[in-house]
Amino acid sequence: MKSSRLAVAILVFAWVSFFAFPTVLAQTPEPAPGITITGQIVNGTPGGPSPSNVSLMLHAYEGRMMVDMIHGTSDAEGRFRFEDVPAPAGRSFEVMATYRDVVYFSERVEPEPGQMQLDLPVTVYETTTDTTAVRVEQLHILLDFSPERMHVVQIYVLSNTGDRAVVADGQEGLRFRLPAGATEVSFRGDQDGTRFVREEGGFVDTAPVAPGTGTLSTVVIYTIPYDEGIELTVPVDYPTMSAGVLVPQVGVTLSGEGWDAGQEMNIQGRPYLLHSFGHVPLAPGDVVRFTITGRPDLTSLTGATAETRGGAGVPSWVFALGLGFSLILITAGGIWWWRDRRSESAVASVEPDDLASVLQAIAELDDAHAAGTIDELTYRAERERLQALAIRHLRADDMVGDASETPGT
């Protein structure tokens with residue numbers, strides 16, 4: 001009886017081994033065929049040289065989430081080719097190119113079904129330290145109050161109308177002056193503390209401004225002493241196309257030549273008036289001037305007075321600008337727009353110290369972007385930083401691998 005059972009068991013095992021297992025393998029989905037991604041690095045500056053040996057990174061996305069990065073380099077004529085790239089349905093691709101220390105992107109494209117080759121050209125530009133092509137597309141000023149203080153957030157949405165990327169020369173970059181009496185000055189978008197340089201009466205932004213509209217945003221936060229009224233004068237350092245001030249409805253009013261009566265808004269449960277400035281465009285040397293009067297009712301500013309940071313009395317919403325604040329306002333003159341929905345968890349304060357940690361940080365950043373908690377401009381800037389860090393780790397790993405190989409093996 002036992003031998004009969006054993007014989008049956010052996011037969012079952014043999015059948016599973018030789019028949020069932022191949023059947024299971026046959027049911028395993030075939031991997032998606034790889035595609036070839038090619039492109040040309042094009043110099044968008046008239047008369048500029050043909051870019052050669054440009055550092056590249058191919059990004060693969062599923063929806064808004066990055067799922068793969070492939071490092072590469074263009075040839076001496078600026079051409080590049082990524083072969084046998086996995087391209088399952090729904091996956092899209094873009095190429096990041098770093099040229100003269102400025103990062104550029106191709107269009108992000110999803111291949112058509114059955115498409116086996118994708119062309120993703122990237123336009124790059126020569127650089128200049130001349131800032132005459134830089135203009136402020138939108139100047140947004142946000143106000144809030146705490147005891148004896150008015151807190152100001154100034155957001156400059158910058159454009160470059162030229163055909164060269166504007167870059168800093170050492171600590172010489174875009175100079176901005178601040179209103180008299182500004183204290184407790186801080187910035188957003190400065191992950192490693194090297195982008196902004198404080199100087200007497202203002203600051204310098206050393207980030208590059210690529211050609212195009214709204215290619216860079218500069219965010220500065222400061223405090224002004226306040227009792228029952230103040231006239232604030234904001235210097236204009238670059239041609240400025242539009243300006244607006246967002247004022248909380250807490251018993252204070254804005255007045256001044258060129259300002260409208262304001263449009264009522266409700267943002268995150270708090271009432272505001274959005275005032276637009278009619279005397280635009282503005283030229284360098286002009287000013288944006290307005291008067292705030294009235295004693296603010298701080299009991300209505302529960303978010304501002306109940307929670308502060310750093311012992312300086314700065315309202316927590318100011319810090320939330322970097323951690324989830326969003327603002328999309330419609331005015332009679334069009335869209336008064338700014339978003340900075342950066343996730344605190346996505347923008348890590350600790351520098352990842354190995355490639356796996358960098359890739360994890362990128363994945364978390366992609367998750368935050370997919371969830372809508374980080375704006376496109378901030379997302380790309382932080383992703384560029386992490387991707388550059390990933391490249392450094394990859395190069396370091398290559399060097400270690402080369403050093404560990406024994407000649408002749």
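If amide hydrogens are placed 1.01 Å from N in the peptide plane, which non-local residues have theirs closer than 5 Å to the one on Gly162?
Here Gly212 satisfy the definition.
Whose amide H sits under 5 Å from the amide H of Leu120, counting only residues 5 or more places off or on another chain, with H placed in the peptide plane?
Thr38, Gly39, Gln40
Per-residue HN-Hα couplings for region 127-141, Karplus 6.51 cos²θ - 1.76 cosθ + 1.60 at θ = phi - 60°, whole Hz, x for Gly and Pro?
Once θ is set to phi - 60°, the couplings for region 127-141 become 10, 8, 9, 6, 9, 5, 8, 7, 9, 8, 5, 9, 10, 10, 10 Hz.
So, counting K/R as plus one and D/E as minus one, what does the shell of residues with Cβ under 12 Å around Glu231 add up to? Working shown, then result.
Numbers: positive: Arg289; negative: Glu257.
That works out to 0.
Could you line up Val109, Val209 from fewest to most neighbouring Cβ atoms inside 10 Å?
Val109, Val209
Fewest Cβ neighbours within 10 Å first, please rank Ile141, Ile37 accordingly. Write out the running numbers ahead of the final one.
Working: Ile141 19, Ile37 26.
With the fewest neighbours first, Ile141, Ile37 line up as Ile141, Ile37.
Show me, for region 216-225, the HN-Hα J-couplings you get by feeding each phi into the Karplus relation (A = 6.51, B = -1.76, C = 1.60, θ = phi - 60°), rounded to Hz, glycine and proline as x.
So the J values, rounded to whole Hz, are 8, 10, 10, 10, 10, 10, 8, 10, 10, x.
Which residues' amide hydrogens lie under 5 Å from the amide hydrogen of Gly181, considering only partners 5 or more residues apart or on another chain, with H built in the peptide plane?
Counting only residues 5 or more places away or on other chains, the set is empty.
Taking θ = phi - 60°, what integer Hz values does the Karplus form 6.51 cos²θ - 1.76 cosθ + 1.60 yield along region 177-187, in sequence order, with x for Gly and Pro?
Result, ordered by residue: 9, 10, x, 4, x, 5, 10, 6, 6, 9, 9 Hz.
Which order do Val102, Val245 fall in if you start with the one that has the fewest other Cβ atoms within 10 Å?
Working: Val102 20, Val245 25.
Going from least to most buried by this count: Val102, Val245.
With a point put 7 Å past each Cα toward its Cβ, work out how far Asp297 is from Gln40 in nm, to one decimal.
Simple spin-label model gives 6.5 nm for this pair.
Label Glu112 and Thr161 with points 7 Å out from Cα along Cα→Cβ: what is the distance between them in nm?
3.9
Quick one: net charge around Val204, please, counting Lys, Arg +1 and Asp, Glu -1 for every other residue with C-beta under 9 Å from its C-beta.
Working: positive: Arg175, Arg198; negative: Glu172, Glu199, Asp205.
Residues close to Val204 contribute a combined charge of -1.
Can you give the translational diffusion coefficient of region 34-125 in µm²/s, computed by Stokes-Einstein from the Kirkwood radius over Cα pairs at 37 °C and 0.692 mPa s? Don't skip to the end; give the middle numbers.
Details: Rh = 13.3 Å.
Estimated diffusion coefficient is 247 µm²/s.
Please give the net charge around Ser276, taking every other residue with its beta carbon less than 14 angstrom from that of Ser276, where Lys and Arg add +1 and Asp and Glu add -1. Write out the running numbers ahead of the final one.
Details: positive: none; negative: Glu257, Asp260, Glu264.
Every neighbour counted, the sum reads -3.
Separation of region 114-130 and region 212-256 by C-alpha centroid, Å?
Distance between centres, Cα-based: 37 Å.
Values quoted throughout were computed directly from the atomic coordinates according to the rules given, and no laboratory measurement underlies them. Small disclaimer: the values here were computed from a predicted structure and weren't measured. Ideal geometry is used to build each Cβ from the backbone, glycine not excepted, and the neighbour counts take in all protein chains shown.
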